[in-house]
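Participant: My questions will all concern the structure given below.
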Amino acid sequence: MSFKSFADFYPYYLQEHSDKRCRALHYIGSTLVLGILVYSLWNRWWWGLLLMPVVGYGFAWIGHFLFEHNRPATFRHPWYSLLGDWVMYKDAGLGLLGVDSQLQRMKQQQSSSENSATGD
C-alpha cells in the first residue's frame, strides 16, 4: 500500500491503532521518550539519546504484537509512521481521538446539518 501524502496515510495509521491498549502503550513510550530527551539534554547524558528509539518503539511494538495483532507500520512506512505517532500523541492530548470525541463530533455534524435543513 503506498500513500501520496501524510494526509492520506494518517487515517490508515489510526486504523492500525484501533485498540486503546495499543494506543496507551504508544503514549507511554512517547512520554518516556520525551522524558529521556529532556533528562539527557539537561544532564548532558548523550548515551541516553540512544535509548529513545528503544523505549519508544519497544512500547509501541509490544502493543501491536499483544493487542492489535498486526505488523507495525514502522516496517513499511518508517517516516510517516514516526510522524503519525507524534500526531496521534498530540491528537490524544487535545481530546481529538477516542469514541467520546468521535461521537461528539458526529452529534455536532448532525446538529449542523439539521439546522441548515430547517434554515436556522
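Every read-out reported here was derived from the displayed coordinates using simple, explicitly stated rules and does not represent laboratory data. What you see is a predicted model, and the numbers here were worked out from it, not measured in a lab.
Participant: Stokes-Einstein at 37 °C, 0.692 mPa s, Kirkwood radius from Cα pairs: D for the range 60-100 in µm² s⁻¹?
Facilitator: On the way: Rh = 11.2 Å.
Answer from the Stokes-Einstein relation: 294 µm²/s.
Participant: Could you calculate the contour length gain from ASP91 to LYS4, that is, 0.36 nm times the residue separation minus the distance between their Cα atoms, to one decimal place in nm?
Facilitator: Full extension of this stretch gives 29.1 nm more.
Participant: Next question, about the same structure. Quote the Stokes-Einstein diffusion coefficient, in whole µm² s⁻¹, for the range 7-112, based on the Kirkwood radius over alpha carbon pairs, a temperature of 10 °C and a viscosity of 1.306 mPa s.
Facilitator: On the way: Rh = 14.9 Å.
In µm²/s, the coefficient is 107.
Participant: Using Cα-Cα distances under 8 Å and only pairs 6 or more residues apart, what relative contact order does the range 7-112 have, in percent? Each step should come with its number before you reach the end.
Facilitator: On the way: 77 pairs, mean separation 31.2, N = 106.
Once divided by the residue count of the range 7-112, the mean separation gives 29 percent.
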